[in-house]
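See structure below.
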Amino acid sequence: MKGTMKHLFRILYGCLFLSILAGFGVHFYLSPHHYFVWENLPVFSALYGFIGCILIILGSKALGHRWLQKEEDYYDKPETIRSRDS
Amino acid sequence: MIDWFHPGLIYILGSALIPFFRGTLKKVYLLFIPALAFINLLLISKGVFLSEGKTWSLSFLGYDLVLGRIDPLSTVFAYVFVIASFCMMLFALHVKEDGQHIVAYLYVGSALGVVFSGDLLTLFFFWEIMAWSALFLIWYRKTKASFGAGLRYILVHFFGGACLLGGIFLHVQTTGSIAFETFQWGVGLNWTNLSSYLILLAFIINAAVPPLHAWLSDAYPEATVTGAVFLTAFTTKSAIYVLLRGFPGVELLIWLGAIMAVYGVVFAVLENDIRRLLAYHIISQVGYMVCGVGMGVVGTPAGEMAFNGAVAHAFSHILYKALLFMGAGAVLEVTGKSKLTELGGIYKYMPITFHLYMVGAYSISGFPLFNGFVSKTMVVQASAMWHLPIIWLMLEGASIGTFLHTGLKLPWGVWFAKGEPACKAKEPPWNMLVAMGITAFFCTLIGVYPKILYDMLPYPVHYEPYAPAHLVAMSQLLLFTFVAFWLLRKRLHGEPTITLDTDWFYRKAGERIIWFCEKPLMTFANFVDRFVLNAARALIWFSKNPAAAFEIKKKEMLLAGKRRLAKSVSTDVCEQALEEEKRKYPGELPGLTLGASIILILFSFLLYLALYLFAIP
């Protein structure tokens, strides 16, 4: 199991490196049509994926813990004002 | 010879015969219905029945009801509905209850009815059958939670249906036509615009556009294992179809769609229930389609790209989302659990389910060689062609979140995570595995050979999904999303919570309104009630014998005054006399002579005259 994990990670590092390399390759040799400024950066997608993912996780979790997440029986519990009256 | 037979009617009429079959024959029959509908569609495409551009109509109350409008847009949706319904029924084949199969086919048939309807009355008719049959797919779970969720589901859809009907009537009133064509759209309020607003509102309720989306994430996860698979496909995608038909190029939808795409992703992070997590991703993915509808200005290259993209993505989405719900449903079926906190490490029991699920996960994430890649990128490309940088960033950001949850967090939490299996499990029945296999095959086939899909689209496709730049950008995005996931995977474990959403307004605030009606409002009402009743009772008492009543009241007041002035004086005798008088009341009424009666009558006439002369100006 440990060996396979190590092997998989080696493949992952290889893929990461290759995708960056391919980004530069495509940018300098094929120079495809650009729609936005940031496409001049060959590693833009990699950066966006990495930073975006971190922001989604941390941002959503903060939103959830501060406000949106409630205990599972939140809707089943009778309203507090109700129980006080009865 | 009949010129045409409605594919939806094959399902609707066919569902009535289901109880007459038994055993294997029933299973064959259940799969025969979609097969027949598929052959029917092929004949339509080949022009044997009713060729494209023609309609099939019958007249009703002076209007022409168009039950069959055949054009590329309706055929492509019909194809995917029929193909998906075959896979879904195969997945549900082991279910013993006939009722579940009947409502499932009513649901599919009415969705096909919506797709082929060429006028608004037919549309409304099938629209309502769709809402009702979907309700029973939820209620067949037979739990308290599913009952409540189903009730909320149908209430929201009642509201949507009422908006649609109101909009249709206004539309017919102002234009005089019931034809279902592109609606006039404009800012500012007049009768034509109002009808368009109402119809759009009904459509976006079914498309689950926030803040009107909560019915979806509330109800779908409470449906039966097999019912949920049906539900993922038809309601939202038929809404996309009617939006494409009625409101292409409405700019508002671009923003709504992009917000939807991100909204679903944010909420999916917080979800613990795997089917609810996937339901939030329906909202997110339908966001791409709604965005595509908004950008789909007919007649421009970018608009046609967006229009095609919305159709293509609906096609892909139906297949991979069904596959994902099948995977999650299979886990629920064999373990009875659907929460990340209760699952984990079951890979060694369910490896086949895992791998088939992952095909769906790769597809929804837009991995190259899977169908999400060839359709989602069309919408993203259209946003680039329209030069909408913020929309582009939002859509790409939603792609990151999609892979993060459906492709990484969910499978990690269900099949791996804890190391040791959290519960006993085994592979699901053969029909479920085969259904997942076939769906996975279609997802991959379209990804590898997108021409099949592109040839069906309404406009010619000038897009090469496998251009090197697209491939590299997508690979970078997904690979580095994985890196970030791996670093933060400890923070992504399930938490035993539920998430507040806009259904709070009718689940909690509604309860408060009921409390307000029951407590403060009722107290006030009771007070008014009692006051009026007492006043009436006093008046009745008084009018029994006004002269004696006056006497009694006078004595009462005198007695009270005496008591206050001189506390030492005994008033017992007077009190006893008064009690005696009250007991006798009204006593003997004074007899009136005829003359006195006439005077009284005349007096009342005089009062009336005075009122008439002075009080009324």
Specify which residue in the list B:L600, B:G561, B:Y585 is farthest towards the positive end of the charge dipole of the range B:538-617, using unit charges on the beta carbon of Lys, Arg (+1) and Asp, Glu (-1), about the Cα centre.
B:G561
Taking only the alpha-carbon positions of the range B:545-617 as identical scatterers, the Debye log10 I(q)/I(0) at q = 0.13, 0.25 Å⁻¹ comes out as -0.64, -1.08
Place a label point 7 angstrom from the Cα of B:A35 along the Cα-to-Cβ direction, then list the residues of the range B:72-100 whose backbone nitrogen is under 18 Å away.
B:82-94
With point charges of +1 on the Cβ of Lys and Arg and -1 on the Cβ of Asp and Glu, referenced to the Cα centre of the protein assembly as shown, which listed residue (B:A548, B:S363, B:I318) lies farthest in the positive direction of the dipole?
B:A548
Calculated FRET value between B:L558 and B:K142, using beta carbons and R₀ = 60 Å, to 0.05:
0.20
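Counting other Cβ atoms within 10 Å, keep those with at most 13, restrict to DSSP loop, and tell me which trypsin sites (Lys or Arg not before Pro) in the range B:522-601 are left.
Those satisfying the criteria are B:K567.
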Roughly how many nanometres apart are two label points built 7 Å out from the Cα toward the Cβ at B:K46 and B:E342?
5.1 nm
In nanometres, the difference between 0.36 nm per residue of separation and the alpha-carbon distance of B:L369 and B:A16 is 123.0 nm
Under the rule a/c < 1.5 gives rounded, and otherwise a/b versus b/c splits prolate from oblate, where does chain A land using the Cα gyration tensor?
oblate
Length gained if B:I598 through B:F527 is fully extended, taking 0.36 nm per residue and subtracting the Cα-Cα distance, is 21.4 nm
Ranking B:L194, B:G68, B:L25 by how far each Cα lies towards the positive end of the charge dipole of the range B:1-247 (+1 on Lys and Arg Cβ, -1 on Asp and Glu Cβ), the top one is B:L25
State which stretch of chain B is the longest one without any exposed GluC sites (Glu not before Pro), exposure meaning a DSSP loop state and at most 12 other Cβ atoms within 10 Å.
B:182-587
The answer for the per residue Cα convex hull volume of the range B:388-428, in Å³, is 70 Å³
Which residues does the label zone of B:S59 cover in the range B:101-143, counting backbone N under 19 Å from a point 7 Å along Cα→Cβ?
B:118-122
Suppose a student asked you for the relative contact order of the range B:259-379, using Cα pairs under 8 Å spaced at least 6 residues apart; what percent would you report?
26 percent
Under the rule rounded for a/c under 1.5, else prolate if a/b exceeds b/c, else oblate, using alpha carbon gyration tensor axes a ≥ b ≥ c, the protein assembly as shown is classed as prolate
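Are there trypsin sites (Lys or Arg not before Pro) in the range B:364-438 that DSSP puts in a loop and that have at most 11 other Cβ atoms within 10 Å, and which ones?
Here the sparse-neighbourhood loop sites are B:K424, B:K426.
Report the per residue volume, in Å³, of the convex hull enclosing the C-alpha atoms of chain B.
Convex hull of Cα atoms, per residue: 315 Å³.
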Where does the range B:227-367 land on Rg/Rh, using Cα atoms and the Kirkwood Rh?
1.04
For chain A, set up a GNM with springs between Cα atoms under 10 Å and report which of A:I51, A:I11, A:I20 has the largest fluctuation.
A:I11
Using the basic label-point model (7 angstrom from Cα toward the beta carbon), what is the B:I452 to B:L151 distance in nanometres?
4.5 nm
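Over the range B:1-247, what is the mean sequence separation of C-alpha contacts under 8 Å (at least six apart), divided by residue count, expressed as relative contact order in percent?
This gives 20 percent for the range B:1-247.
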Placing +1 at every Lys and Arg Cβ and -1 at every Asp and Glu Cβ, with all other atoms neutral, what dipole size does chain B have around its Cα centre, in debye to the nearest 20?
1800 debye
Rounded, prolate or oblate (a/c below 1.5 giving rounded, otherwise prolate when a/b exceeds b/c) for the range B:503-544 by Cα gyration tensor
prolate
B:R491 to B:L606: extension gain in nm, 0.36 nm per residue of separation minus the Cα-Cα distance?
32.4 nm
Once both axes come from the Cα atoms, what is the angle between helix B:301-335 and the longest principal axis of chain B, in degrees from 0 to 90, rounded to 10?
80 degrees
Restricting to Cα pairs under 8 Å and 6 or more apart, the percent relative contact order of chain B works out to 12 percent
What is the angle, in °, between the Cα long axis of helix B:430-448 and the longest principal axis of the Cα atoms in chain B? Nearest 10 is fine, range 0 to 90.
70 degrees
What does the structure give for A:40-48 when I average, per residue, the other chain Cβ atoms found within 10 Å of the residue Cβ?
5
Trypsin sites (Lys or Arg not before Pro) restricted to the range B:98-195 and DSSP loop, no more than 10 other C-beta within 10 Å
B:K142
Taking every residue in A:57-64, how many Cβ atoms of other protein chains lie within 10 Å of its Cβ, on average?
6
Relative to chain B, whose Cα atoms define the longest principal axis, helix B:351-365 and its Cα axis are tilted in degrees, nearest 10, by 80 degrees
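Bear in mind these aren't lab numbers, they're just calculated from the coordinates by the rules spelled out. Given the structure is predicted, the values throughout are model-derived calculations rather than measurements. Don't worry about glycine lacking a Cβ; one is built from the backbone with ideal geometry, like all the others, and counts go over all protein chains shown.
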